[in-house]
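Q: Take this structure first; my questions come after.
The values are calculated or read from the model by the stated rules, or taken from the named source; none is laboratory data. Just so we're clear, the structure is a prediction, and the values are computed from it rather than from any experiment. With ideal geometry, Cβ positions are generated from the backbone for all residues, glycine too; neighbour counts draw on all protein chains shown.
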Amino acid sequence: MIGFIGLGIMGGSMAENLVEKGFELVVHNRTKDKAEALMKKGAKWADSPKNVAEQAEVVFTMLANPQVVEEVALGENGFLNHLAEGNLWVDCSTVDPSFSRKMAAEAAKRGVRFIDAPVTGSRVPAKQAELVFLVGGDLEDLSEVKPMLQAMGKEISYQGEVGKGTTMKVIINLMLAQSMAAFAEAVSLGEALGLEKETVVNTLLNGPTTAPFLKGKKDKVMTGDFSADFPLEHMQKDLQLVAQAAFEHNIALPIANVTKEAYMQAKQKGLGKQDFSSIYKLFSEKNN
Ligand code: NAP
């Protein structure tokens, strides 16, 4: 039996793909409503993370941030004390590398194996089982869960020992956050200088200076419908994780830190639950 904890934008679709491909699943989410569709497809509901661990040999987590992962693993009714020795925890949440290593050590104390397997790809790739898993951990442990990862994704990219999956993930999100913010600033400036928004957007997207993923954000920027594929509050969190990792290794990241604060300003303006491309609103909305 596979356990799956965290049925948000990403986890909900990942769990659905597992069920649809025939895996037996026991699921838990803080908000039970999000499990209803899965239960109709055959997933079993567990009342707590602890109750998931009591039934599963492999537990996947896809949760908001390190604090939440720690609470769900080690807090009251957490799952880690209840997973049988030799069983496996796969954390797909985006957390910082030190935190992954800390959780691996907590798991090891209990004889539980641990893999960090964060993903790239957003709402649609999650639904279509086209995620890319960035994996850190033991190769034998990975081979055990490969069929499950293949049910949810199109590629498994092995990065090295525990913590290397989340290391690669925070680096990728550093690029995503900065590229999005730079594009948003450029479009806002173009408009302020009198260019048509559509002209600026199309010209930038058709040229060599923009990251390929930005084409997928065009509709959001053009229509102003920023319903979330990747919530801005998670991107702000990821930049905080980047800053933490850089601090631990004595590395200066001046541009990333300015970008981090811009995302925080956007969050303070109430954009946290909107897509991270809504950073555009921070630059484009005039206060006077
Ligand atoms: P989401 O929709 O906000 O889901 C977050 C999950 O965490 C939900 O299951 C939520 O439960 C749970 N959670 C939040 N606070 C909690 C708490 N205090 N106690 C217990 N559970 C709590 O986010 P998501 O987009 O699926 O992202 C999940 C993870 O994947 C994050 O680490 C994110 O950075 C990463 N990620 C996201 C994307 C993307 O494009 N969306 C892509 C790659 C990686 P409720 O349902 O009860 O709120």
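Q: Can you find even one residue in the stretch 9-23 that is crowded, with 18+ Cβ neighbours inside 10 Å, in a strand (DSSP E or B) and of a type in the set (Val, Ile, Thr)?
A: There is no residue in the stretch 9-23 that is crowded, with 18+ Cβ neighbours inside 10 Å, in a strand (DSSP E or B) and of a type in the set (Val, Ile, Thr).
Q: Is there any pair with a first residue in the stretch 27-49 that is under 11 Å from GLY6 (Cβ atoms) and within 14 Å of the ligand (Cβ to nearest atom) and a second that is in a helix (DSSP H, G or I) and not charged (D, E, K, R) whose Cβ atoms are under 6 Å apart and which are 6 or more apart or on different chains, and what are they?
A: That search, which allows pairs on different chains as well, returns VAL27/ALA15; VAL27/ALA35; VAL27/LEU38; HIS28/PRO49; HIS28/VAL52; ASN29/ALA35; LYS34/GLY12; PRO49/VAL72.
Q: Could you please give the count of residues in the stretch 24-66 that are more than 22 Å from VAL135 (Cβ to Cβ), outside any helix (DSSP H, G or I) and not aliphatic (A, V, I, L, M)?
A: Qualifying residue count for the region: 13.
Q: Pull up the stretch 177-228, narrow it to residues that are of a type in the set (Lys, Arg) and free of Cβ contacts under 8 Å to residues at least 24 places away in the same chain, then point me to the one that is farthest from SER278 (Cα to Cα).
A: LYS215
Q: Among the residues of the stretch 174-193, is any of a type in the set (Asp, Glu), over 27 Å from ARG101 (Cβ atoms) and more than 16 Å from the ligand (Cβ to nearest atom)? Show your work before the answer.
A: Start the filter on the stretch 174-193 by keeping residues that are of a type in the set (Asp, Glu), which leaves 185, 191.
Within this subset, residues satisfying the condition of being over 27 Å from ARG101 (Cβ atoms) are 185, 191.
Retained after the next criterion (residues that are more than 16 Å from the ligand (Cβ to nearest atom)): 185, 191.
Within the stretch 174-193 (the criterion being of a type in the set (Asp, Glu), over 27 Å from ARG101 (Cβ atoms) and more than 16 Å from the ligand (Cβ to nearest atom)), the answer is yes, since at least one residue qualifies.
Q: Here's another thing I want to ask about it. Does ALA105 satisfy the criteria of being away from the ligand (no atom under 13 Å from the Cβ) and touching a His at 6+ places or on another chain (Cβ under 6 Å)?
A: Working: away from the ligand (no atom under 13 Å from the Cβ): yes; touching a His at 6+ places or on another chain (Cβ under 6 Å): no.
No.
Q: Could you tell me which residue of the stretch 84-102 is farthest from the chain's Cα centre (by Cα), considering only residues that are under 18 Å from MET148 (Cα atoms) and near the ligand (Cβ under 10 Å from one of its atoms)?
A: Of everything passing the filter in the stretch 84-102, ASP91 is farthest from the chain's Cα centre (by Cα).
Q: Of everything in the stretch 234-271, what is of a type in the set (Gly, Ala, Ser) and either assigned by TED's automatic domain parsing to the domain that holds PHE99 or in a helix (DSSP H, G or I) (or both)? Give them in sequence order. Can you show your working first?
A: Of all residues in the stretch 234-271, those of a type in the set (Gly, Ala, Ser) come to 243, 245-246, 252, 256, 262, 266, 270.
Once the filter is applied, which keeps residues that are of a type in the set (Gly, Ala, Ser) and either assigned by TED's automatic domain parsing to the domain that holds PHE99 or in a helix (DSSP H, G or I) (or both), the stretch 234-271 yields ALA243, ALA245, ALA246, ALA256, ALA262, ALA266, GLY270.
Q: Another question, then. Pull up the stretch 108-121, narrow it to residues that are more than 15 Å from LYS164 (Cβ to Cβ) and not in a helix (DSSP H, G or I), then point me to the one that is nearest to the ligand (Cβ to nearest atom).
A: Looking only at the stretch 108-121, we keep the residues that are more than 15 Å from LYS164 (Cβ to Cβ), and these are 108-113, 121.
Going one step further and asking which of them are not in a helix (DSSP H, G or I), we end up with 110-113, 121.
Numbers: ARG110: 21, GLY111: 25, VAL112: 20, ARG113: 21, GLY121: 6 Å.
Within the stretch 108-121, the match that is nearest to the ligand (Cβ to nearest atom) is GLY121.
Q: Scanning for something of a type in the set (A, V, I, L, M), over 23 Å from PRO97 (Cβ atoms) and within 13 Å of the ligand (Cβ to nearest atom), does the stretch 213-229 turn up at least one residue? I'd like the intermediate steps shown before the answer.
A: Here is the first cut: in the stretch 213-229, the residues of a type in the set (A, V, I, L, M) are 214, 221-222, 228.
Subset that is over 23 Å from PRO97 (Cβ atoms): 214, 221-222, 228.
Filter again for within 13 Å of the ligand (Cβ to nearest atom), leaving 228.
Yes, there is a match, as at least one residue in the stretch 213-229 is of a type in the set (A, V, I, L, M), over 23 Å from PRO97 (Cβ atoms) and within 13 Å of the ligand (Cβ to nearest atom).
Q: Any residue that is in the same structural domain as VAL124 (by TED's automatic domain parsing) and under 17 Å from ARG123 (Cα atoms) - is there at least one of those in the stretch 42-51?
A: We begin by selecting, within the stretch 42-51, every residue in the same structural domain as VAL124 (by TED's automatic domain parsing); these are 42-51.
With the extra rule that they be under 17 Å from ARG123 (Cα atoms), the set shrinks to none.
No: the stretch 42-51 contains no residue that is in the same structural domain as VAL124 (by TED's automatic domain parsing) and under 17 Å from ARG123 (Cα atoms).
Q: Please give the helices (runs of 4 or more DSSP H) falling wholly within the stretch 125-233 in which 2 or more residues are touching a strand residue (DSSP E or B) at 6+ places or on another chain (Cβ under 7 Å) and buried (at least 17 other Cβ atoms within 10 Å of the Cβ).
A: Numbers: elements: 139-152, 164-192, 197-205, 218-223.
Hits in the stretch 125-233: 139-152, 164-192.
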